[in-house]
Amino acid sequence: MTRRATAALVAALLFAATGCVNDAGDGEPGGDGKGVTSAGSGTQGPTGRGDRGGPVDAEADGKPILDVAGVKTEATANDTVELATRPPLPDGAAEPSDETGDTDEPEWTSRLRLTFSSAQRDGGDLTFHGAATYLHDDGGYLLHSADFTVLVAEEQAEGRGGDGAGDGFRTFAAEEAEPLVTLTPDEPTQKFAVTIAGVPEEDDSMIAAGGPTGRYITYETPETLWGHEVAPPDDFIPGRLCYAEGDEWHDLELFEYGEVPCG
């Protein structure tokens with residue numbers, strides 16, 4: 001099976017299981033975290049957590065500032081998730097197809113980079129620290145606390161967390177719904193911290209070589225990006241990283257395919 005076919009299959013399973021598409025629009029997402037946003041944003045997401053992040057100042061003269069035909073959000077390093085887009089193919093060009101043997105990937109451009117530095121526990125809360133970078137010279141991007149979810153295997157979740165839709169995971173989210181940082185071309189990189197509530201503590205017996213315990217921090221891709229409606233599996237958006245609690249990030253290398261970044 002080709003990488004594209006494998007990616008599509010795994011993405012479909014992950015989407016069906018965890019619903020990692022964030023329902024936010026292209027206006028001014030997130031706002032004050034109290035449901036006050038411009039048209040096209042602030043609607044209830046799949047997990048019902050209200051306002052989310054996403055592009056800001058996403059239009060100019062009534063048109064999206066980016067021409068987007070595809071989206072992927074995946075791990076690009078053991079501590080990094082990137083959201084990338086691709087433009088429409090030239091007129092007359094065919095989409096890459098496993099059936100025809102054409103597996104040439106279109107040109108992808110990263111628009112958002114999230115690099116994590118630690119996952120620190122304080123009682124029942126787990127705070128993820130990192131740096132976010134906006135990689136476009138126009139518009140901006142808002143990160144919101146509701147954009148992030150922790151996945152914990154059901155056997156480790158102690159009966160807590162949200163329903164993982166039968167995928168073997170329970171979900172944990174931020175208790176406080178609030179904007180984290182707004183990235184702009186003038187300030188493209190900013191540090192952020194998001195606190196996820198109620199995550200069960202790790203047990204030493206869970207820790208594998210290199211640190212991770214099979215738990216994930218997930219960045220949930222907005223439902224709409226610069227006018228493009230995100231639709232897995234054509235849009236490949238697992239957006240998750242393995243993590244281990246501690247003052248530093250783990251050093252376990254990525255697996256070959258970003259949709260399954262570790263065990």
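Values quoted throughout were computed directly from the atomic coordinates according to the rules given, and no laboratory measurement underlies them. Quick caveat, the model's predicted, so the values are computed rather than measured. Please note: Cβ atoms are built from the backbone with ideal geometry, for glycine as well, and neighbour counts cover all protein chains shown.
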Once amide hydrogens are built 1.01 Å from N within the peptide plane, the residues lying 5 or more places from Ala244 or on another chain with amide H under 5 Å from its amide H are His250
Please order Leu183, Leu241 by the number of other Cβ within 10 Å, starting at the fewest. Leu183, Leu241
Of 141-147, 184-190, ordering from highest average Cβ density within 10 Å down gives 141-147, 184-190
Proximal charge balance of Pro185 [Cβ under 9 Å; K/R count +1, D/E count -1]: -4
A chain fully extended from Asp57 to Asp203 at 0.36 nm per residue, minus the present Cα-Cα distance, gains in nm 48.1 nm
